[in-house]
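Have a look at the structure below, then the notes.
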Amino acid sequence: MPRLSLIVITKNEEANIRRCLASVPFADEIVVVDSASTDRTVEIARALGAKVLQPEDWPGFGPQKQRALDHASGEWILSLDADEWIGPELAEEIRTVIADPESADAWRMPRRNRFCGEIVRHGGWWPDHVLRLFRKSKARFSEDRVHESVIADGAFSTLKNPIEHDTIVSLEDAREKAARYGAIAARQLAERGRQGSAAKAALRAAAAYLRAFVFRLGFVEGRLGHRVARYQAAYTYKKWSGAA
């Protein structure tokens, strides 16, 4: 069986990290790159057998995940966020893939997102396919500060079972994440020469709400769909107002 490395980046994830790492007991190696956590994240990760790296700077999500990838020794890589985990069915699919020498080089899988504990099935949040399993020799992370992606060569395929994801755990969490991720995205836009404005931010935020709530059928889920659409709009507003 080829070696599998689980890679995760963290910052103050003591509430999530045990569930994430423990959901992949068949990993031959766990690499955690931590960003100055002040809680028990590092302690918990090390107790579960992880190799923990603690660089002093924060280069953004893409470069930070690339650091984790660079320190992984497995032929196969599974990349999870700290607030994600996998169930037994997906675990079995992954084991089957890496045992097959004729397997594709990179695998997408659906992601089942939750907002305040409720599974979101509309608004563009399902099936939310993400590429998370790949041969190390065939892939790297983009340099994006936020909403990074895996850039892979070779054959692609898709697994059936989902990654589980606690996207937003409370309304306060939604406000904080919309502001934080929006600010990072705004800096990235500015670095790429894109200019924002209050008017542009308002128009794009309204469009984001309509896209999630109307065109992607968020209204089917009532209040939940409205909350998801508002979160999308708040993030988009911050992204485009902050790039001015």
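The values are calculated or read from the model by the stated rules, or taken from the named source; none is laboratory data. Since the structure is predicted, the reported quantities are computational estimates derived from the model, not experimental observations. Cβ coordinates were reconstructed from backbone atoms using ideal geometry, including for glycine residues, and neighbour counts include every protein chain displayed. For the accessible areas, the whole protein counts, side chains as well, though only heavy atoms, and no ligand, DNA or RNA atoms are used. Shrake-Rupley method; radii C 1.70, N 1.55, O 1.52, S 1.80 Å.
Of the beta bridges DSSP finds with both residues in the chain, what % are antiparallel, to the nearest 5?
On the way: 15 of 35 bridges.
DSSP beta bridges in the chain are roughly 45 percent antiparallel.
With every protein chain left in place, what is the accessible area per residue of the chain in square angstrom, probe 1.4 Å? Mind dumping the intermediate values first?
On the way: 11880 Å² over 244 residues.
With the other protein chains kept in place, the chain gives 49 Å² per residue.
May I ask for the percentage of alpha-carbon pairs in the stretch 1-126 that lie more than 23 Å from each other? Before the final figure, lay out the partial values.
On the way: 2726 of 7875 pairs.
The calculated P(r) of the stretch 1-126 puts 35 percent of pairs beyond 23 Å.
For the chain, divide the Cα radius of gyration by the Kirkwood radius and give the resulting Rg/Rh value with two decimals.
Numbers: Rg = 18.3 Å, Rh = 18.8 Å.
Using only Cα positions, Rg/Rh for the chain is 0.97.
Mind checking the log10 I(q)/I(0) for the stretch 171-244 at q = 0.14, 0.19, 0.26 Å⁻¹? Debye, one equal scatterer per Cα, no solvent, two decimals.
-0.42, -0.72, -1.06
Starting from the Cα-Cα distance between Trp58 and Met1, subtract it from 0.36 nm times their residue separation and give me the gain in nm to one decimal. Before the final figure, lay out the partial values.
Details: separation 57, 0.36 × 57 = 20.52 nm, distance 3.48 nm.
Full extension from Trp58 to Met1 adds 17.0 nm.
Which value, in Å² and to the nearest 10, is the accessible area of Glu43 when all protein chains are kept and the probe is 1.4 Å?
Approximately 110 Å² for this residue.
Please compute the modelled spin-label separation between Glu89 and Ala190, points set 7 Å along Cα→Cβ, answer in nm with one decimal.
4.5
Ignoring any ligand, DNA or RNA, what whole percent of the accessible area of the chain comes from carbon and sulfur when the probe is 1.4 angstrom? Can you show the working numbers first?
On the way: 5990 of 11880 Å².
After summing per-atom areas, the C and S share lands at 50 percent.
Report Rg(Cα)/(2.2 N^0.38 Å) for the stretch 28-83, keeping two decimals.
The value comes to 1.09.
Going 7 Å from the Cα of Ala99 along its beta-carbon direction, which residues of the stretch 11-47 have the amide nitrogen within less than 18 Å of the resulting point?
What the label zone holds, given the 18 Å backbone N cut-off, is 24-29.
Which residues does a label at Lys200 reach in the stretch 220-244, if reach means a backbone N under 13 Å from a point 7 Å past the Cα toward the Cβ?
237-244
Treat every Asp and Glu Cβ in the chain as -1 and every Lys and Arg Cβ as +1, leave all other atoms uncharged, and give the resulting dipole magnitude about the Cα centre to the nearest 20 debye.
Details: 37 positive and 33 negative charges, 228 e Å.
Taking the Cα centre of the chain as origin, the dipole is about 1100 debye.
Calculate for the chain the 222 nm mean residue ellipticity that helices alone would give, adding -39,500 (n - 2.57) per DSSP H run of length 4 or more and normalising by residue count, nearest 500 deg cm²/dmol. Intermediate results must be reported in sequence, preceding the final value.
Details: 7 runs with 88 residues, N = 244.
Result for the chain, helices only: -11500 deg cm²/dmol.
Could you quote the convex hull projected area for the stretch 143-204, Cα atoms only and averaged over all directions, in nm²? Each step should come with its number before you reach the end.
Numbers: hull surface 27.7 nm².
Quarter of the Cα hull surface area: 6.9 nm².
Hey, could you pull the Cα Rg and Dmax for the stretch 73-196, both in Å?
Calculated on Cα positions, Rg and Dmax stand at 16.3, 48 Å.
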